[in-house]
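A.B. asks: If you scroll down you'll find the structure; I have some questions about it.
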Amino acid sequence: MIFLGIGSSLKSKFGDRYANIKKTIDLISGEKIKIKKISSYYETPSYPNKLDPKFINVVIEIDFKGNSEDLMKKLLLIETKLERTRQFKNEPRTCDIDIIDFNGSVSNKNDIFLPHPKISERNFILIPLREICPMWIHPILNIKIDDLINNLSLRTRNEITRVKECDIRRIND
């Protein structure tokens, strides 16, 4: 299973944060990457500066025929199409796409870290991921997703809000 995290905190030429997420998913699909599941939308404060605009986040499951390097190249191009700039670490952005898990691979090569190194600390990844894959287990830590969420501070667990009511979309094979 391959999971991607998608986030947006700024408007772009495509519209607001929700429009950016939708456009990102459309562009991913346009790269002949099959979208299998999409979580609900969640809003979280920016990290580390909570005064920056809030993020809208989703997690998607995809089917991709290729390696993680090929996928990352496609995702970086999509971020560019969504007007993503990289001036400062953790800055507000129109689009951010992270590979959360690539078929359980463990890797640290070519600037691709698998699974995503901060996943166990991020409510905006763990909670939407649990929605679409409640049995997921961290490939390195070998910890179930419910336990990872329970390890978050109460404050961190409470700062995430499901903002758009929708069912988990499942795309039929």
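Every number in this text was worked out from the coordinates using simple rules, so none of it is lab data. Since this is a predicted model, take the numbers as computed values, not measurements. Note that each Cβ is placed from the backbone with ideal geometry, even for glycine, and that neighbours are counted across all protein chains shown.
A.B. asks: Please sort 59-66, 11-18 by packing, taking for each peptide the average over its residues of neighbouring beta carbons within 10 angstrom, highest first.
C.D. replies: The densest-packed peptide leads the list: 59-66, 11-18.
A.B. asks: Next up: Residues of region 1-30 with backbone nitrogen within less than 19 Å of a virtual label 7 Å along the Cα-to-Cβ line of residue 140, please, listed as ranges.
C.D. replies: Taking a point 7 Å out along Cα→Cβ of residue 140, the residues of region 1-30 whose backbone N falls under 19 Å are 1-5.
A.B. asks: Any idea what the dipole of region 2-170 comes to, in debye rounded to 20, about its Cα centre with Lys/Arg Cβ at +1 and Asp/Glu Cβ at -1?
C.D. replies: 320
A.B. asks: Using the basic label-point model (7 angstrom from Cα toward the beta carbon), what is the residue 157 to residue 13 distance in nanometres?
C.D. replies: In this crude spin-label approximation the distance works out to 4.4 nm.
A.B. asks: Put one equal scatterer on each alpha carbon of region 8-103, apply the Debye formula with no solvent term, and list log10 I(q)/I(0) at q = 0.10, 0.11, 0.17 1/Å to two decimals.
C.D. replies: The Cα Debye sum returns log10 ratios of -0.26, -0.31, -0.75.
A.B. asks: Let me ask another. Between residue 147 and residue 31, with labels modelled 7 Å along Cα→Cβ, what's the label distance in nm to one decimal, could you check?
C.D. replies: Those two pseudo-labels are separated by 3.3 nm.
A.B. asks: A further question on this structure: Which entries in 73/144; 36/74; 13/73 show an alpha-carbon gap greater than 24 Å?
C.D. replies: Cα-Cα > 24 Å for 73/144; rest within.
A.B. asks: Looking at region 79-131, which trypsin sites (Lys or Arg not before Pro) are DSSP coil and have at most 10 other C-beta atoms within 10 Å of their C-beta?
C.D. replies: Those that pass, being in a loop and sparsely packed, are 86, 89.
A.B. asks: In addition: Could you work out Rg/(2.2 N^0.38 Å) for region 56-141, with Rg from alpha carbons only?
C.D. replies: In units of the 2.2 N^0.38 Å rule of thumb, it is 1.10.
A.B. asks: Ok, one more. Only helices at least 27 Å long along their axis, Cα-based, and averaging -1.0 or more on Kyte-Doolittle count here, so list those DSSP H runs from the chain.
C.D. replies: Membrane-span-like by this criterion, though nothing is claimed about a membrane: none.
A.B. asks: Here are some values of Cα Rg over 2.2 N^0.38 Å: [x] 1.18; [y] 0.96; [z] 1.07. Which one was computed from this structure?
C.D. replies: The calculated read-out lines up with [y].
A.B. asks: Tell me the mean residue ellipticity at 222 nm calculated for the chain from its helices only (DSSP H runs of n ≥ 4, each -39500 (n - 2.57), averaged over every residue, nearest 500).
C.D. replies: -8500 deg cm²/dmol
A.B. asks: If the cut-off is a Cα-Cα distance under 18 Å, which lysines reach residue 54, setting aside same-chain residues fewer than 8 apart in sequence?
C.D. replies: Partners found: 11, 22, 89, 164.
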